[in-house]
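> Below is the structure I would like to discuss, written out as structure tokens.
The values are calculated or read from the model by the stated rules, or taken from the named source; none is laboratory data. All values derive from a computational prediction rather than experimental measurement. With ideal geometry, Cβ positions are generated from the backbone for all residues, glycine too; neighbour counts draw on all protein chains shown.
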Amino acid sequence: MAEIEQSIRHDLLWMNNSTTAVREELEQVFRISSWLDFPFTVDEVAEYFLPGLNLTGDQVRALFTERAIDLPFTLRDRYLLTDISQSIVSRAERKLFSAAKLESASRFTGTLCRLVPWIEMVAVTGSVAYGSARKWDDIDLFVVTKQDRLWLSLFLALVLVRVGKSLRIRDSDLLSFCLSYAHDDMGFIQESSKSKFAPLFARELLKAQPLVGIRKYKQILEGNEWIKLVHKTAYTSKISKLNDFELSAKSVVTRERFSFFLQWADGIAFVFLAGYLKIRSHITNTKLKSEGKEFRVFDQVMNRHSCMYVSNLYRWLQQLWRQETGIRSVE
């Protein structure tokens, strides 16, 4: 009985001291959930949307049951609804869309990695990884290749995507692959260094669903251990799961022949493929603007070691969670 009373007093003290700090972050969650028309659970909010605060789902739930937060969320079965149009049923439907797209990505990735020996990791990110994908949402892929093999790998990947669409091996909504975040080893190291302590970058890495290269994915997380300061519970849980996967994963070491020739070929692929992608991106952005889809308009960031698509939506999310909020903590 004494332990229960002590726990209650601790939670009440926590709510009194941290409500102001949490409210600002929850306002951003409300905006995101409303725009996506997708309700989050209190556990998801605690683990992924309150950077640096390291709260539990029960603590977030208590903020609403005790009416310590005056935001217009509706709490229902541990889900936070922002509008009457949101429902647990509609979320379940989008989870099914996401699962189908994830399975399609797994098949595509399996074929791709049999054809392209330089790919070290492929993971699904974006709405599919979050389980919030609609029927016609793209399947965003996060790719890491060996150094100086990025553009050869991307060329072969794009050819495979085109072949799949031409043969109509699956419904078109399950073949909408977007190589939105691709690096070779050097490119990812450079990009992760720029994004250090950024809450959104940390969350995207943690929510990624690795399809190939689980050991590489684990190395990426361990090489960015600062993420633990931003999302401690989610980081610890993810590493624990990856440790279990790694026990059954086999390590494959391959020796590469004609290394100099392949490096030269990758440089040629970069010149031609980057030019093609810039033209294609311009056409796509023009169409998106004409349809009033400004949030989906994107810029390309391309160099010898990286190929990224940065949308207006992603920039908006970055502004909501500025870098300095990523290491804030609650005593």
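> Name the pairs: first residue in the range 163-190 and surrounded by 14 or more Cβ atoms within 10 Å (Cβ to Cβ), second residue of a type in the set (D, E, K, R) and part of a strand (DSSP E or B), Cβ to Cβ under 6 Å, at least 6 apart or on different chains?
Between residues of the range 163-190 that are surrounded by 14 or more Cβ atoms within 10 Å (Cβ to Cβ) and residues that are of a type in the set (D, E, K, R) and part of a strand (DSSP E or B), the close pairs are CYS178/ASP140; SER180/ASP140.
> May I ask you to verify whether LEU262 is within 23 Å of ARG114 (Cα to Cα), at pLDDT 95 or above and more than 24 Å from the chain's Cα centre (by Cα)?
no
> Related question: Can you tell me which of LEU71, LEU96 is aliphatic (A, V, I, L, M) and either crowded, with 19+ Cβ neighbours inside 10 Å or at pLDDT below 95 (or both)?
Sole residue among the options that is aliphatic (A, V, I, L, M) and either crowded, with 19+ Cβ neighbours inside 10 Å or at pLDDT below 95 (or both): LEU71.
> To continue, here is another question. Check whether at least one residue in the range 183-195 is within 27 Å of TRP118 (Cβ to Cβ), β-branched (Val, Ile, Thr) and out of contact with any Leu (no Cβ under 8 Å at 6 or more places or on another chain), and report yes or no.
yes
Table: residues versus (1) in a strand (DSSP E or B); (2) acidic (Asp, Glu); (3) touching a strand residue (DSSP E or B) at 6+ places or on another chain (Cβ under 8 Å).
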| position | (1), (2), (3) |
| --- | --- |
| ASP148 | no, yes, yes |
| SER180 | yes, no, yes |
| GLN190 | no, no, yes |
| LYS196 | no, no, no |
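> So which pairs qualify, if the first residue must be in the range 311-328 and over 21 Å from GLU294 (Cβ atoms) and loosely packed, with under 14 Cβ neighbours inside 10 Å, the second must be among the aromatic types (Phe, Trp, Tyr) and at pLDDT below 90, the Cβ gap must be under 8 Å, and the two must be at least 6 apart or on different chains?
Close Cβ pairs satisfying both conditions: ILE327/PHE197.
> Pull out all pairs, ordered by first then second residue, where Cβ-Cβ is under 6 Å, the residues are six or more apart or on different chains, the first lies in the range 42-66 and is within 14 Å of ARG203 (Cβ to Cβ) and free of Cβ contacts under 8 Å to residues at least 40 places away in the same chain, and the second is among the hydrophobic types (A, V, I, L, M, F, W, C) and in a helix (DSSP H, G or I).
Close Cβ pairs satisfying both conditions: VAL45/VAL29; VAL45/VAL60.
> Taking into account only those residues within the range 260-291 that are charged (D, E, K, R) and in a helix (DSSP H, G or I), which is nearest to ARG304 (Cα to Cα)?
ASP266
> I've got another one for you. Does the range 139-153 contain at least one residue that is under 20 Å from ASN312 (Cα atoms) and charged (D, E, K, R)?
So the first thing to find is which residues in the range 139-153 are under 20 Å from ASN312 (Cα atoms), and the list is 139-142.
Still in the running and charged (D, E, K, R): 140.
Taking every residue of the range 139-153 in turn, at least one turns out to be under 20 Å from ASN312 (Cα atoms) and charged (D, E, K, R).
> Filter the range 109-136 down to the residues that are within 19 Å of the chain's Cα centre (by Cα), among the hydrophobic types (A, V, I, L, M, F, W, C) and in a helix (DSSP H, G or I), then identify the one that is nearest to GLU47 (Cα to Cα).
ALA129
> Looking at the range 31-60 only, could you name the residues that are crowded, with 19+ Cβ neighbours inside 10 Å and assigned to a helix (DSSP H, G or I)?
Those that are crowded, with 19+ Cβ neighbours inside 10 Å and assigned to a helix (DSSP H, G or I): SER33, VAL42, GLU44, VAL45, ALA46, GLU47, TYR48, GLN59, VAL60.
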